[in-house]
Amino acid sequence: MLEDVIKELREGIEKAIEALRRDLAKVRTGRANAAMLDGIRVDYYGVPTPIQQMATVSVPEPRLITIKPWEKNQVKAIEKAIRESDLGLNPQVDADLIRLPIPPLTEERRREMVKLTKKNGEDCKVAIRKHRRDANELVDTLEKDGEVSGDEADRAKKKVEDVVAEGTSKVDAVIAAKEKDILDV
């Protein structure tokens, strides 16, 4: 029973770290990255649709993203959605191809991105602590119901702390890597 609690805790922490990675993929660095467009939805016949589901997105150069819509008449809709997004990018339409040059980040903008990255990391750590609290409550419940002894419960709580510390260090590593990416000129 205690193994299930630890397994559930590990799964929860992994999900939190995956969510952090997805969030950080949307944060701009100085280089082009197709994941930057993940949050943008285009009005596709009345349905908000991700760009990747209606066009081929590629990164031919470190500072350029190209978007080739599968339907030529969607070029204007994609361009409009990108202009209205908070990415601050200026799409250039070339017949049925959209070019997105990625301008280099200013020092001030880099610092803002680092702050955003750290905030995302803190949110992830809060989620991990919530999973720890849930796991400890489960262990307490099992101990109170008499399903496990006090010693087993103490060992399980120590294991929970070890797993949480491991998850927190993974979050720190992910944040440090992203910060390095952002500050790399």
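Values as computed for the structure displayed
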{"quantity": "Separation in nanometres of the label points that stand 7 Å from Cα toward Cβ, at residue 41 and residue 11", "calculated": "2.9"}
{"quantity": "In Hz, Karplus ³J(HN,Hα) per residue of the range 162-175 (6.51, -1.76, 1.60; θ = phi - 60°; x = Gly, Pro)", "calculated": "4, 5, 5, 4, 4, x, 5, 5, 5, 4, 4, 5, 4, 5"}
{"quantity": "Amide H contacts of residue 30 (H built 1.01 Å from N, under 5 Å, at least 5 apart or other chain)", "calculated": "none"}
{"quantity": "Residue 165/residue 52 FRET efficiency (R0 41 Å; Cβ-Cβ; nearest 0.05)", "calculated": "0.65"}
{"quantity": "Value of Rg to Rh for the chain (Rh from inverse mean 1/r over Cα pairs, i.e. Kirkwood)", "calculated": "1.15"}
{"quantity": "Label point at residue 152 placed 7 Å out along Cα→Cβ; residues across the range 1-40 whose backbone nitrogen lies under 16 Å", "calculated": "1-7"}
{"quantity": "Folded to 0 to 90 degrees: helix 75-84 orientation relative to the chain principal axis, Cα", "calculated": "60"}
{"quantity": "Inter-part distance where the range 90-136 and the range 10-37 are each reduced to a Cα centre, Å", "calculated": "7"}
{"quantity": "Residue 26/residue 73 FRET efficiency (R0 22 Å; Cβ-Cβ; nearest 0.05)", "calculated": "0.20"}
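Readers should treat all values here as calculations from the given coordinates under stated rules, not as data from a laboratory. Everything numeric here is computed off the predicted structure, so don't read it as measured data. Don't worry about glycine lacking a Cβ; one is built from the backbone with ideal geometry, like all the others, and counts go over all protein chains shown.
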